[in-house]
């Protein structure tokens, strides 16, 4: 099935690769695939980009958005982009380590950002731009960073201290940093595709997970998790990327219009991310299915102390100079804990 999808996608891409001038009357089709629900911050931002792309190009470009892993799952989508079966993705930042750009794993480090202001100093500044440039040798063009939100732990037992997660099987994305994070809590990391998490929680294959609230709510994970602790221990965001050959092959005027659409969509994406997470948190509370716990200042400090060693262990993997440049922007100092 996977090979068949790639075959048909490549066939479509071959047609799309026909010189744009020869099919000027036909819109340029961009397949934009992602793995989350259409009403998440990423899903809404992708739809907004499709709308603005059509408007700014006056119909020259048609962006087709495929949500909820309808085209490709977590482990398939990057290969599909590199092969040209899809033209755009917005993978979570943890996906770029397996691609060979380990520097992106800095975003997986626990408590490296305390708030959106600190985060945006990095994603919207020179550090963020230098990271996007590192994707080009992989045949990928980095267009923007989109927020989702800050992650919290959920499980079927109460979570107030790091010890409450000891021995728990916790689902994570594929990331060496996230594996180390879970081990630092004496828990068991379980790498799993996003589309499989609800069933794994429902059947007890895993005990809990970490997610921004918007993912927890839209994927209905709160229905099968009795407890949620607002740890805000990590960040989940996305890099919007395009197939390099396709993007650079676009007419210059069209590419400029799409870049403008992406700028507008990034402002929109980052604005709605916090709003959506706050709204979904209230919905989780009102459901009565998950008990939501807000950590005290001392309890959050205990989590920071437990997770600070992850920064030291991952320094050689991510790069000392890169981490120091991020710490300079955010003021984080792992040695304090």
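Numbers for the structure displayed
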quantity	calculated
Top-ranked residue in the stretch 66-77 [being in contact with a strand residue (DSSP E or B) (Cβ under 7 Å, 6 or more places away or on another chain) and crowded, with 20+ Cβ neighbours inside 10 Å; ranked as farthest from residue 210 (Cα to Cα)]	71
Selection within the stretch 183-212 - in a helix (DSSP H, G or I) and touching a helix residue (DSSP H, G or I) at 6+ places or on another chain (Cβ under 8 Å)	184, 194, 195, 197, 198, 201, 202
Pair list, Cβ < 6 Å and 6+ apart or interchain, from the stretch 315-337 residues that are more than 14 Å from residue 104 (Cα to Cα) to residues that are in a helix (DSSP H, G or I)	329/121; 329/122; 330/118; 334/311; 337/304; 337/305
Selection from the stretch 106-118 of residues that are within 20 Å of residue 336 (Cα to Cα) and touching a residue at least 24 places away in the same chain (Cβ under 8 Å)	106, 107, 108, 109, 110, 111, 112, 113, 114, 118
Qualifying residue in the stretch 75-91 (condition: farther than 22 Å from residue 234 by Cβ, assigned to a strand (DSSP E or B), out of contact with any helix residue (DSSP H, G or I) (no Cβ under 7 Å at 6 or more places or on another chain) and at pLDDT 95 or above)	yes
Tally of residues being part of a strand (DSSP E or B) and within 21 Å of residue 134 (Cα to Cα) across the stretch 216-270	9
Residues of the stretch 133-165 that turn out to be in a helix (DSSP H, G or I) and farther than 29 Å from residue 243 by Cβ, as a count	4
Tabulated pairs, the stretch 157-184, first at positive phi and surrounded by fewer than 17 Cβ atoms within 10 Å (Cβ to Cβ), second modelled with pLDDT under 95 and in a helix (DSSP H, G or I), C-beta under 9 angstrom, 6+ apart or interchain	none
The stretch 275-298, subset part of a helix (DSSP H, G or I) and surrounded by 17 or more Cβ atoms within 10 Å (Cβ to Cβ), residue farthest from the chain's Cα centre (by Cα)	284
Residue identified as at pLDDT below 95, under 30 Å from residue 207 (Cβ atoms) and crowded, with 17+ Cβ neighbours inside 10 Å among 115, 148	148
Test: residue in the stretch 23-38 that is within 25 Å of the chain's Cα centre (by Cα) and either assigned to a helix (DSSP H, G or I) or modelled with pLDDT under 55 (or both)	no
The listed residue being in contact with a strand residue (DSSP E or B) (Cβ under 7 Å, 6 or more places away or on another chain) and either closer than 20 Å to residue 42 by Cβ or at pLDDT 95 or above (or both), out of 154, 130	154
Any hit, the stretch 112-132, residues being outside any helix (DSSP H, G or I) and at positive phi	no
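The values are calculated or read from the model by the stated rules, or taken from the named source; none is laboratory data. What you are looking at is a predicted structure, and each value in this text was computed from that prediction instead of being measured. Don't worry about glycine lacking a Cβ; one is built from the backbone with ideal geometry, like all the others, and counts go over all protein chains shown.
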